[in-house]
Amino acid sequence: MDGVTTFHSIGSSLDWIVMIVYFAAIMLFGSYFGRYTKSTSDFFFGGRRFAWWLITMSIVATGVGSHSFVKYSAKGFEHGMSSSITYLNDWFIFPFFLFGWLPIIVYSRVRSIPEYFEKRFSPSARFLATILLLLYMVGYIGIGFLTLGKALIPMLPEAFHLGGLTLPVTLMGAIIVVAIVTGIYITFGGQTAVIFTDLAQGAILLFAGLMLFGLGLVYLGGFHHFWDLLPVGWRLPFPDFNKPPDFNFAGIFWQDGIAGTIGFLFLNQGLIMRFMACKNVDEGRKAAAVNVLLVMPLSAIVVGGAGWIGKAISVAHPNVLAPNTSPDQVFVVVANIIASPGVFGFVMAALVAALMSTVDTLINATAAIFINDIYRPVKRFLKERKVTTRQRDREELFAARVASVGITILGVVAVLAFKNFPTVYEAHGYFHSTLTPPLAVAVFLGIFWKRFTPAAVIATFLGGVALMILGARYPGILIAPFDHGIAMNPDHPFSYIRALYNTVVCSGVGVLTVWTTGWQRGVAARVKDRTKILVALTAVGVLSFLVVAMGWGSFEVEILAAALVVVVIPLVVTATTSYDEEENTRGLTVWSIDAAKRMFKGGRTPNEFGGEPVPVSWKLIDDDGEGRIYLSAEDMETLEASPGDLVYLCDRRGWLGGLKSIHSVFGEPHDEPGVVFVNEDQVEHGLFAEGRPLVATKEM
Amino acid sequence: MYSTHLAAAGGALYDCPMSYFSHSWLPFIYQYGLGGIIFIIGIVLTLKAGSFSPRTNAKHKKWLSILILGFVWYLVMHGAWILAALGHEGWAVAGGVVVMVLAVITTWLTFHRSRGAV
C-alpha cells in the first residue's frame with residue numbers, strides 16, 4: 001500500500017531465543033500426548049472423553065488464533081474498539097446450536113458434515129458438500145498461513161546473507177517455512193495432541209494478550225489517559241452503520257454475526273471435532289456457553305487491545321508510532337514498543353503458536369473429511385481386500401497423515417487467492433461472505449426443516465452458487481438492493497454485505513424448491529423411465545450452470561441460465577434419487593432428537609432419570625465378548641442405572657480432564673460395592689493406572 | 001509518557017461535531033432487534049420440536065435461564081459501553097454492575113448440578 005510504513009528486523013536475539021524455547025516446549029508437550037493416539041478415532045476425535053474446560057481452552061486457542069491478533073489489532077488501530085464487534089455477536093445463534101446441531105452431531109455419530117449430508121439427503125448431496133467444504137477448509141487454512149506470514153515478516157530481516165548468497169525474505173517464503181513446521185507437528189500428533197497443546201496455548205494466549213494490554217495502559221499512564229486519548233467514535237463498541245465500505249456494521253453483522261457464526265458453529269469441522277471430543281452433550285453445551293459468554297469478551301480485548309493501544313500511542317506520540325503504520329503490522333510493532341526484550345519474544349511466540357494451533361486444527365479436520373468422505377468411499381467402491389479392523393485402522397491412520405501433508409501444501413497455495421487484499425480482515429470477510437452461505441443455508445434448513453429435500457439441497461448448492469456468481473459479476477445490479485446504503489468499492493465490491501445477498505439467494509432457491517416439490521414429483525413420475533429426457537434435462541442443467549460460471553453471454557442470458565439451473569436441477573434430482581422423508585430425517589433433524597438418542601443407545605430407550613456419580617476402584621476380568629463393565633447392585637441404584645444403560649468411566653483426578661476414561665455399557669450387577677469389573681482392552685484404552693480410583697457416571 | 005495537552009489535542013483532532021447515532025444506538029437496535037428475533041425463533045423452534053424441553057427436564061430449564069441471561073448480559077454490556085463512550089459514566093457504571101451480577105448468576109447456573117437428561 002502506498003504511504004504506509006512497514007517494518008523489518010523488529011526484536012532482539014533474546015526474543016528469538018525465547019520464541020525457539022517456547023516452540024520446542026510446545027512441540028514436546030504435543031508429542032507427549034501424541035502417544036495417546038492409537039486409532040483414527042483418537043487421531044480425529046480424541047476418543048469422545050474430555051471435560052468442558054479442556055474443550056473450552058482448546059476452542060480459545062482455535063478461535064482466537066483464527067480470528068487472530070493481527071487482523072483485529074489492524075482494525076482496532078484503524079477504527080478503534082469497534083474491532084470487538086466480531087467477538088460479541090454470536091449468542092443469537094446459540095439456541096439453534098445448543099439444542100439443534102450439537103445433540104444431532106453427537107447422537108447421530110456422524111464423523112463429518114458431508115456424512116451428515118449423505119445420511120440426511122443423498123450421496124450426491126454428500127459429494128457436493130465435500131467439494132464445498134474442502135474449499136472452505138483449505139481457504140481457511142490459507143487465511144491462517146497468510147496471517148502467520150504477516151505476523152512473522154516484521155520480525156525478519158529484509159534478506160538473509162549466507163556466504164555470498166542473498167536470500168530475500170518474502171511473505172510466501174515465510175509461509176512455506178511455517179507450513180513445514182506446522183505440518184510436522186499435526187502429522188505426528190493428531191487430535192489428542194492438538195487438544196492438549198491448545199489447553200496450554202489457550203491459557204498462555206489469554207495471559208499474553210491481557211498482559212500486553214496492561215503494559216500498554218502503563219505505558220500511556222493508566223486507563224483514564226488511554227480512554228481520554230481515544231476520540232469518541234473510537235471508544236464505541238460498534239462501527240458506523242454503513243460506512244466506510246471496508247468496515248461497517250451492517251455488512252459485518254451479516255457476514256460475521258450470521259453467516260460467520262453459522263459457518264463457525266455448524267460447518268467448521270475443526271470446532272465440531274472439538275465438541276465430538278467432549279464426553280457428553282451437556283459438557284459440550286458448557287464448553288460452548290463458557291466460551292461465548294466469558295472467554296469471547298476477554299478475547300475481544302486480547303486480540304484488539306494492541307490496536308487500541310497503538311491508536312492511543314499514535315495520537316500521543318506520533319514520532320514513536322506513525323499513524324500511517326501498516327495495519328497488519330500494528331500488533332507486532334506495538335508489542336515491540338511496550339514490551340521489554342524477552343517479553344516481546346514471549347508475546348510473539350504465543351501469537352504464532354496460537355495461529356499454528358488454528359491451522360493445526362483445520363488441517364486435522366480437513367484430513368478427517370478426506371478420510372471419511374473420499375478415502376473410505378473410494379476404498380468401498382474399489383472393493384478393497386478383506387483386512388482386520390486393526391489393519392484397516394493402521395492403513396487409515398497412515399492415509400490421514402499423508403493427507404495432512406497434502407492439505408498443508410494446498411493451504412499454502414490458497415494464500416495466493418487472499419494475499420492481495422489490503423488487510424487480512426478484509427480477505428477473511430470476503431472469504432466468509434462468499435463460501436459460507438450455500439453450506440450454511442443447506443445445513444441449517446436440513447436440521448430445522450423436515451421438508452427440506454435432496455432436490456432442495458442440491459438446488460441450493462448449484463442454483464444458489466450460480467446466483468452468487470452472478471452477484472459477484474454484477475454487484476451494482478444484484479447486491480446493491482441489499483447494501484443498506486454501503487458504498488460500493490469497485491476493487492472489492494461489497495466485501496461483507498454480499499453475505500446477505502448470498503444467504504437470501506441460497507435460502508430462496510432452497511425454499512422455492514421445497515414449495516414446488518409436488519410439481520417436481522409429478523413431472524419426475526412422467527420422465528423417470530425415459531432416459532433420453534433425463535439425459536437431456538441433465539445436459540440443460542449442466543450447460544446452464546456453465547453459461548453462468550464461465551460468463552458466456554449477456555446479463556439477461558446469464559440470469560435465464562441461472563433460472564434454468566434452479567428449475568431443471570431439482571427435476572433431475574427428484575427423478576433419480578430415492579428419498580423417504582421419514583427414514584432420512586429420523587434422528588437427523590431437530591424434530592427427532594429422541595430418535596437420535598435411541599439410535600445412540602443401540603435402539604434401547606434412553607434412561608433419563610438423574611442418579612449420582614459413584615467412586616469405584618477397578619478389578620480386571622476376562623473379556624466377556626460384549627465389552628461391558630460391571631458394578632454392584634448398590635452402586636447401580638445410586639446411579640439409577642439398569643443393565644444396558646450407557647456409562648462413562650473416568651479417572652477420579654478431575655484435572656486430567658477425562659484423558660483417562662472410557663465409554664461403555666452397564667452389565668448385570670454384582671455384589672461387591674465400590675468395585676467395577678473391567679477387561680484388559682478397557683484398561684488399555686482408558687489408560688487406567690493400577691490402584692487409581694475411578695468415577696462411574698450414567699450417560700443415558 | 002502522556003500529557004493532558006496531548007489528550008485534548010487528540011480529542012480535538014478526531015471529535016468533529018456530529019451525531020454518533022449511526023455509530024452507537026442504530027447498530028445496537030439493529031443487532032439486538034434483528035438478533036433478538038433470530039434468538040427467539042431459535043428458542044421457539046427447538047421448544048416446538050421437542051429437542052429443548054425446560055418444562056420436563058431440569059437441566060434444560062437451567063439452560064433456558066442461561067440462554068436468556070446470556071442475551072441480556074450482552075445487551076447490557078453493549079449498552080453500558082455505548083453510554084460510557086458517549087460520556088454518561090453514571091449510567092455506564094450501573095450497567096457494569098448489572099453485567100457483573102448477570103455473570104455471577106450465569107456462571108452459577110452453568111455449573112450447578114441439576115438432574116435430567118443430557
### Query
Can we say A:ASP624 is under 22 Å from A:CYS278 (Cβ atoms), of a type in the set (Asp, Glu) and in contact (Cβ under 8 Å) with a residue 24 or more places away in the chain?
no
### Summary
Looking across the range A:443-479 at residues that are within 14 Å of chain B (Cβ to nearest Cβ) and either among the basic types (Lys, Arg) or part of a helix (DSSP H, G or I) (or both), the single one that is surrounded by the most Cβ atoms within 10 Å (Cβ to Cβ) is A:GLY446
### Query
Which condition does A:PHE97 not pass, out of (1) assigned to a loop (DSSP other than H, G, I, E, B); (2) within 14 Å of chain B (Cβ to nearest Cβ); (3) hydrophobic (A, V, I, L, M, F, W, C), if it passes all the others?
(1)
### Message
Among (1) part of a strand (DSSP E or B); (2) on the phi > 0 side of the Ramachandran plot; (3) not hydroxyl-bearing (Ser, Thr, Tyr), there is one condition A:VAL616 misses while meeting the rest; what is its number?
### Response
(2)
### Task
Please specify each residue of the range A:409-431 satisfying the condition of being surrounded by fewer than 24 Cβ atoms within 10 Å (Cβ to Cβ) and hydroxyl-bearing (Ser, Thr, Tyr).
A:THR423, A:TYR430
### Task
List every residue pair whose Cβ atoms lie under 7 Å apart, where the two residues are 6 or more positions apart in sequence or sit on different chains, the first residue falls within the range A:79-95 and is within 10 Å of A:ILE258 (Cα to Cα), and the second residue, located anywhere, is of a type in the set (D, E, K, R) and modelled with pLDDT under 90.
A:ASN89/A:ASP256
### Message
Quick test for you: out of B:ILE37, B:ILE41, pick the one residue that is facing another protein chain (nearest Cβ under 10 Å), over 30 Å from A:LEU229 (Cα atoms), loosely packed, with under 13 Cβ neighbours inside 10 Å and modelled with pLDDT of 85 or more.
### Response
B:ILE37
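Conditions tested, residue by residue: (1) at pLDDT 95 or above; (2) closer than 23 Å to A:PHE241 by Cα; (3) among the aliphatic types (A, V, I, L, M).
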residue	(1), (2), (3)
A:ALA472	no, yes, yes
A:LEU478	yes, yes, yes
A:PRO493	no, yes, no
A:VAL504	yes, yes, yes
A:GLY522	no, no, no
### Query
Can we say A:LEU215 is among the aliphatic types (A, V, I, L, M), more than 27 Å from the chain's Cα centre (by Cα) and assigned to a helix (DSSP H, G or I)?
yes
### Task
Return a yes/no flag: does the range A:591-612 have any residue that is closer than 30 Å to A:THR453 by Cβ, away from chain B (no Cβ under 14 Å) and part of a loop (DSSP other than H, G, I, E, B).
yes
## Note on the structure
Of (1) surrounded by 16 or more Cβ atoms within 10 Å (Cβ to Cβ); (2) not in a helix (DSSP H, G or I), A:THR434 fails just (2)
### Message
For the range A:568-580, check the following and say yes or no: at least one residue is surrounded by fewer than 18 Cβ atoms within 10 Å (Cβ to Cβ) and not polar (S, T, N, Q).
### Response
yes
### Query
Is there a residue in the range A:505-514 that is buried (at least 16 other Cβ atoms within 10 Å of the Cβ), farther than 16 Å from A:THR453 by Cα and touching a residue at least 12 places away in the same chain (Cβ under 8 Å)?
yes
### Message
I want to confirm something. Restricting to the range B:79-93 and keeping residues that are more than 8 Å from chain A (Cβ to nearest Cβ) and within 14 Å of the chain's Cα centre (by Cα), which single residue is modelled with the lowest pLDDT?
### Response
B:ALA92
### Query
Counting only residues that are touching a Phe, Trp or Tyr at 6+ places or on another chain (Cβ under 7 Å) and either among the aromatic types (Phe, Trp, Tyr) or more than 9 Å from chain A (Cβ to nearest Cβ) (or both), how many does the range B:55-78 have?
3
### Task
Could you grab me the full set of residues in the range A:643-675 that are more than 26 Å from A:TYR107 (Cα to Cα) and not acidic (Asp, Glu)?
A:ARG653, A:TRP655, A:PRO669, A:HIS670, A:PRO673, A:GLY674, A:VAL675
### Query
For A:ARG385, are the conditions met, namely being more than 23 Å from A:PHE275 (Cβ to Cβ), part of a helix (DSSP H, G or I) and at pLDDT below 85?
no
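Would you check if there is a residue in the range A:454-463 being over 26 Å from the mean Cα position of the chain (by Cα) and more than 30 Å from A:PHE421 (Cβ to Cβ)? So that I can check it myself, show each step before the final result.
Step one: filter the range A:454-463 for residues over 26 Å from the mean Cα position of the chain (by Cα), giving A:455.
Subsequent filtering for residues that are more than 30 Å from A:PHE421 (Cβ to Cβ) retains A:455.
Yes, the range A:454-463 has at least one match.
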#### Entry: Considering residues of the range A:674-700 that are more than 14 Å from chain B (Cβ to nearest Cβ) and polar (S, T, N, Q) only, the residue nearest to the chain's Cα centre (by Cα)
A:GLN682
### Message
Show me the helices (runs of 4 or more DSSP H) entirely contained within the range A:230-318 in which 2 or more residues are over 20 Å from A:TYR72 (Cα atoms), at the interface with chain B (Cβ under 8 Å from one of its Cβ atoms) and of a type outside the set (D, E, K, R).
### Response
A:281-290
### Message
Go through (1) away from every other protein chain (no Cβ under 14 Å); (2) small (Gly, Ala, Ser); (3) surrounded by fewer than 24 Cβ atoms within 10 Å (Cβ to Cβ) for A:GLY216 and report which single condition fails.
### Response
(1)
#### Entry: Test set (1) surrounded by 22 or more Cβ atoms within 10 Å (Cβ to Cβ); (2) over 24 Å from A:THR436 (Cα atoms); (3) touching a helix residue (DSSP H, G or I) at 6+ places or on another chain (Cβ under 7 Å) - A:LEU298 fails condition number
(1)
### Message
Among (1) assigned to a loop (DSSP other than H, G, I, E, B); (2) away from chain B (no Cβ under 14 Å), there is one condition A:LEU649 misses while meeting the rest; what is its number?
### Response
(1)
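The values are calculated or read from the model by the stated rules, or taken from the named source; none is laboratory data. Keep in mind the model is a prediction, meaning the values are calculated, not measured. Every residue, glycine as well, gets a Cβ built from its backbone with ideal geometry; the counts of neighbours run over all protein chains shown.
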